[in-house]
1. How large is ³J(HN,Hα) for each residue in the range 99-108, as worked out from phi by the Karplus curve 6.51 cos²θ - 1.76 cosθ + 1.60 (θ = phi - 60°), to whole Hz, x for Gly and Pro?
2. What does the net charge come to around residue 39 if you take all other residues with beta carbon closer than 10 Å to its beta carbon, with K and R at +1 and D and E at -1?
3. As an exercise, take the mean of 1/r over every pair of distinct alpha carbons in the range 49-164, invert it, and state the Kirkwood radius in angstroms.
4. Could you provide, to the nearest whole Å², the per residue accessible area of the range 92-160 with probe 1.4 Å?
5. For residue 91, tell me the accessible area in Å² from a 1.4 Å probe, rounded to the nearest 10.
6. Pull up all non-local amide H partners of residue 144: gap of 5 or more, or a different chain, and H-to-H distance under 5 Å with H placed in the peptide plane.
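The values are calculated or read from the model by the stated rules, or taken from the named source; none is laboratory data. In this text the structure is predicted, and so the values were computed from the model without any measurement. Note that we place each Cβ from the backbone using ideal geometry, even for glycine, and neighbour counts take in every protein chain shown. The protein model used for the area step is the full one, side chains on, heavy atoms only, and it has no ligands, DNA or RNA in it. Shrake-Rupley method; radii C 1.70, N 1.55, O 1.52, S 1.80 Å.
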Amino acid sequence: MIRYNTDMIFRRQEVGRKEVLPQSFPEHAQVAGEATDHVDEILEEWAIERPDLDLSAQGVVGRVLRLSRFFERALAAAFHQFGINGGEFDVLATLRRCGGETGLTASQLANRCMLSTAAMTNRLDRLEAMNLVERRSEPRDRRVVRVALTSKGRKLIDTAFTAHAENQDRTVAVFSAEERDLLAALLRRVLLTFEISTPTNAEDRAGPEQEHSGQ
């Protein structure tokens, strides 16, 4: 078994050239059927050096890792337009998606976002300072604090999520609807093997709106 260097996946080893990842997704991407990518180059080099190994899996894993870098930077740039980062977007999106009118308790929100209570407190402090969320004590038990969107926060996340959805749509514009469904099904199959066999914690699972993993 080989342990490949992921930096090699992300960086072209060309003399005098530094690759720059785009800050936004192209509106339209025309890719020739015979075109090769950076991962192909790496696999071709390994095929010469280690022809005894089957590296077909590296063709999959390497591209997922490389794509994640393009996605994360472009998503972060989109969130920046609204004065928030990906983690703050995650909190606002979670409250918009399942908080309702009464909001969620801080612990419920932390669990939904797969964060520690301390990390969630830090995010809420920043969002409250921006008047995007508010903390409310339960009338019947003031020890229980609920977090809800302010009107400003609801307006911002509705606008930001629309832009986010459009941004994501551009990432897969090269696929037909049928191809998107097929790719999603194949990726789901792989993801489930990890989610089923690996204990869930705050760092390794996230919803579809996260910055670094897609919510």
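1. 3J(HN,Hα) across the range 99-108, in whole Hz: x, x, 7, 8, x, 10, 6, 4, 5, 4.
2. Residues close to residue 39 contribute a combined charge of -2.
3. Here the Kirkwood hydrodynamic radius works out to 16.1 Å.
4. Per-residue accessible area for the range 92-160 comes out at 58 Å².
5. Surface accessible to solvent at residue 91 totals approximately 0 Å².
6. 138
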